[in-house]
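J.: First the structure, which I've put down as structure tokens, then a few questions once you've had a look.
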Amino acid sequence: MEIHIKNGTLVTAEHTFAADILIEEGKITRIENSGIPSTPGQKAIDASGMLIFPGGIDPHVHMHLPTPAGFSSDDFLTGSRAALFGGTTTLIDFVTPSRGEPLCTALEKRKAEADNCLTDYTFHLSPVEWRNTLPEEIKTCMEAGIPSFKVYMAYKTSIGLEDEDLRKVFQAVAEAGGMVTAHCESGDEIETLRNDFAKNGQTTPEYHPLSRPARLEAEAVEKAIGFAAEANCPFYIVHVSAAESLKFIRKAQQRGQKVFAESCPHYLLLDDSRYRGTFEQTAPFVLSPPLRKKADNHALWKALSDRTIQSMGTDHCPFMFEQKKNGLHDFRKIANGAGSVEHRLSLLYTYGVLQNKISLNRFVELTSTQPAKIFGLYPRKGALQPGSDADLVIWNPEKEQVISVDTHHMHCDTDIYEGFKTTGAPEYVIADGKIAVEKGAWTGHLIKGRFLKRKR
Ligand code: URP
Ligand code: ZN
Ligand code: ZN
């Protein structure tokens, strides 16, 4: 289908300008500020008063993630539908192999799980142990289109790596020409703190943040930056939550080291007061790293505007409350994570752009263009230009909503943003040249997400 979008205001990472857009066969084919004449048979959309952004790219989601409390409650179908409702048209999820499983075998399995994804998608691949075949496996994955490898410094009883193994992974990824991404929290100290609290009978969710203090994130950030420097490996730090971490990131960036940082809306908009209350009130906020202090929220907003942080993900990892209840008597067993893939754009627009914390162009950069550039998808994604995929959002800047579990589309029976008011929402969402959302409603058009082969 040909789509002709008229009279809109295009917003890219660099510019804001009025133009018409023509979409043909899944690609943007023309952008003209003097207008494009309509032809019969085209679907015409009048975007007067609307903003047009490149489709959002969420660089950090966990659909159908296996955990001891069961799978995260959104699979690729429900999660990608929710993402589209919110204006996100590309998802980057993870491949987490079992011990001993070759990386590429795990990648093929994960691709099969994502076969019903409605948005285009790709993965970061997580080595969960060191073995001598890993350098070759990493190279093979790179040839298969996966150039980013995620390591965990936390979760030492399951997927976390020891320091010596982390060093070897940084080295192997650097030699293959890839990038390492990391969950930075010092795992051994966290295990000790968690177990000490539990031994003392301190088992409610309020002990979750106390067992994962900000200093243990900052310390891990500093250490991992050191490993990346030793190996001369580009490095991306996921879900930065603490002001203390930012000083190490800034220092590395000032030295010219290739260090990128991501944060998530919950670290900007929520704080650790959410851990005070009943289990029902607090368990939905058990996620890692935990919510921090208001001062951390402020520091992170500043880091978005001064460019210390380059990318905004969600770490979307929802669970049903029944899964959270796994840890009713032991916070260590509460399913760890929360969903927000649907809310990233509207939250950042409302609380960032409209409150003058970031510009409109910076909003596009953080939610789309930079994730595309960092992870090897640009300019196919993250851009409004002829030749780019026709993934775009026609944004109604006036639309007011109140976030609620009753109206969200994520497969989850709680919402950590319940009651948050937002201004600005997608009016249309176009993915691969097909209209997924029209006037805020699902169109039912058959959309089939594709696995994206990436290159650094
Ligand atoms: O609490 C979280 N973030 N759960 C998902 C796994 C992770 O650490 O990213
Ligand atoms: Zn993590
Ligand atoms: Zn995560």
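J.: Per residue, how large is the accessible surface of the chain? Use a 1.4 angstrom probe and give square angstrom.
T.: I get 37 Å² per residue for this part.
J.: Through the Karplus equation 6.51 cos²θ - 1.76 cosθ + 1.60, θ set to phi - 60°, convert the phi angles of the stretch 263-269 into ³J(HN,Hα) values in whole Hz; use x for Gly and Pro.
T.: Karplus values, whole Hz, x for Gly and Pro: 10, 9, x, 5, 7, 9, 10.
J.: What is the dipole size for the chain, taken about its Cα centre, with +1 at each Lys and Arg Cβ and -1 at each Asp and Glu Cβ, in debye to the nearest 20?
T.: Numbers: 52 positive and 58 negative charges, 152 e Å.
It comes to approximately 720 debye.
J.: Determine the percent antiparallel among the DSSP beta bridges restricted to the chain, to the nearest 5.
T.: Roughly 50 percent of the DSSP beta bridges within the chain come out antiparallel.
J.: Which percent of the accessible area of the chain is formed by carbon and sulfur heavy atoms (probe 1.4 angstrom)?
T.: 50 percent
J.: For Arg167 and Glu143, what does the FRET efficiency come to when R0 = 25 Å and r is the distance between their Cβ atoms, rounded to the nearest 0.05?
T.: 0.55
J.: Let me ask you something else. First measure r as the distance between the Cβ atoms of Ser158 and Thr105, then evaluate 1/(1 + (r/R0)^6) with R0 = 22 Å and state the FRET efficiency to the nearest 0.05.
T.: Efficiency, from the Cβ-Cβ distance: 0.70.
J.: Semi-axes, largest first, in whole Å: what does sqrt of 5 times each Cα gyration tensor eigenvalue give for the stretch 55-374?
T.: 26, 23, 22
J.: May I pose another question? If you line up the long axis of helix 103-113 against the longest principal axis of the chain, both from Cα atoms, how many degrees apart are they, to the nearest 10?
T.: For helix 103-113, the angle is close to 50 degrees.
J.: Residue by residue, what Karplus-based ³J(HN,Hα) values in Hz, rounded to whole numbers, does the stretch 385-400 have, using 6.51, -1.76 and 1.60 with θ = phi - 60° and x for Gly and Pro?
T.: My calculation for the stretch 385-400 gives 7, x, x, 6, 4, 7, 10, 8, 10, 9, 9, 8, x, 9, 5, 9 Hz in order.
J.: Rounding to the nearest 10 and keeping the result within 0 to 90°, find how far the Cα-based axis of helix 187-199 lies from the longest principal axis of the chain.
T.: 70 degrees
J.: Moving to a separate point now. Jot down the per residue volume, in cubic angstrom and as a whole number, of the convex hull over the alpha-carbon atoms of the stretch 190-306.
T.: Hull volume normalised by residue count: 94 Å³.
J.: Roughly what angle does helix 163-176 make with the longest principal axis of the chain, taking Cα atoms, 0 to 90 degrees, to the nearest 10?
T.: 30 degrees
J.: Just name one of Ala231, Gly376, Pro318: the one whose Cα is farthest towards the positive end of the charge dipole of the chain (beta-carbon charges, Lys/Arg +1, Asp/Glu -1).
T.: About the Cα centre, the residue reaching furthest to the positive side is Ala231.
J.: Let me ask something else. Measure off 7 Å from each Cα along the Cα-to-Cβ vector at His298 and Gln281, then give the distance between these two points in nanometres to one decimal.
T.: Taking the two extended label points, one gets 2.5 nm.
J.: What is the extension gain from Glu32 to Ser404, computed as 0.36 nm multiplied by their sequence separation minus the C-alpha to C-alpha distance, in nm to one decimal?
T.: Stretched fully, the Glu32-Ser404 segment lengthens by 130.0 nm.
J.: Related question: Given the peptides 202-208, 260-266, 30-36, 318-324, arrange them by the average over their residues of other C-beta atoms within 10 Å, most packed first.
T.: 260-266, 318-324, 202-208, 30-36
J.: Moving on to the next point. Using helices alone, I'd like the mean residue ellipticity at 222 nm for the chain: each DSSP H run of four-plus residues gives -39500 (n - 2.57), total over residue count, nearest 500.
T.: -8000 deg cm²/dmol
J.: Return the aspartates and glutamates within reach of Lys421: Cα separation strictly under 15 angstrom, same-chain partners fewer than 8 residues apart disregarded; answer none if there are no such residues.
T.: Here the aspartates and glutamates satisfying the reach criterion relative to Lys421 are Glu342, Glu398, Glu400, Asp406.
J.: Could you grab the relative contact order for the stretch 31-104? Cα pairs under 8 Å, six or more apart, rounded to a whole percent.
T.: So the answer I get is 31 percent.
J.: Determine the gain in length on full extension of the stretch Glu175-Phe321; use 0.36 nm per residue of separation and subtract their C-alpha separation, reporting nm with one decimal. If you can, show how the numbers build up before the last one.
T.: On the way: separation 146, 0.36 × 146 = 52.56 nm, distance 4.36 nm.
Taking 0.36 nm per residue and subtracting the Cα distance, the gain is 48.2 nm.
J.: Here is a further query. Over the chain, what is the mean sequence separation of C-alpha contacts under 8 Å (at least six apart), divided by residue count, expressed as relative contact order in percent? All intermediate terms of the calculation are to be shown ahead of the outcome.
T.: Working: 1098 pairs, mean separation 98.6, N = 456.
Once normalised by length, the contact order is 22 percent.
J.: Then there's this: Provide the gained length on full extension for the span Glu25 to Thr133, in nm with one decimal, where the gain is 0.36 nm per separating residue minus the Cα-Cα distance.
T.: Values: separation 108, 0.36 × 108 = 38.88 nm, distance 4.21 nm.
Here the answer is 34.7 nm.
J.: Is there a pair in Lys293/Lys381; Lys251/Lys333; Lys258/Lys357; Lys199/Lys357; Lys333/Lys439 whose C-alpha atoms are over 32 Å apart, and which pairs would that be?
T.: Cα-Cα > 32 Å for Lys293/Lys381; Lys251/Lys333; Lys199/Lys357; Lys333/Lys439; rest within.
J.: Test of understanding: extend the Cα→C-beta vector of Arg255 to 7 Å, then name every residue of the stretch 200-225 with backbone N under 18 Å from that spot.
T.: Once the point is set 7 Å along Cα→Cβ of Arg255, 218-225 turn out to lie under 18 Å by backbone N, inside the stretch 200-225.
J.: Just to be sure I understand the model, the point goes 7 Å from the Cα along the line to the Cβ. What's the resulting Asp46 to Asn356 distance in nm?
T.: Placing both labels 7 Å along Cα→Cβ, they lie 3.4 nm apart.
J.: Now, a different point. Output ³J(HN,Hα) for the stretch 135-152: one whole-Hz value per residue in order, computed from phi by the Karplus curve 6.51 cos²θ - 1.76 cosθ + 1.60 with θ = phi - 60°, and x for Gly and Pro.
T.: Each residue of the stretch 135-152 in turn: x, 5, 5, 5, 4, 5, 5, 4, 5, 7, x, 10, x, 10, 10, 9, 10, 10 Hz.
J.: Continuing with this model, one more query. To the nearest Å, what is the center-to-center distance of the stretch 264-292 and the stretch 138-202, using C-alpha atoms only?
T.: Using only Cα atoms to place each centre, the spacing works out to 23 Å.
The values are calculated or read from the model by the stated rules, or taken from the named source; none is laboratory data. Quantities reported herein were computed from a predicted structural model and do not represent experimental measurements. Counting neighbours? That spans all protein chains shown, and the Cβs are built from the backbone with ideal geometry, glycine included. Quick note on the areas: whole protein, heavy atoms, side chains included, nothing else; ligands and nucleic acids left out. Shrake-Rupley method; radii C 1.70, N 1.55, O 1.52, S 1.80 Å.
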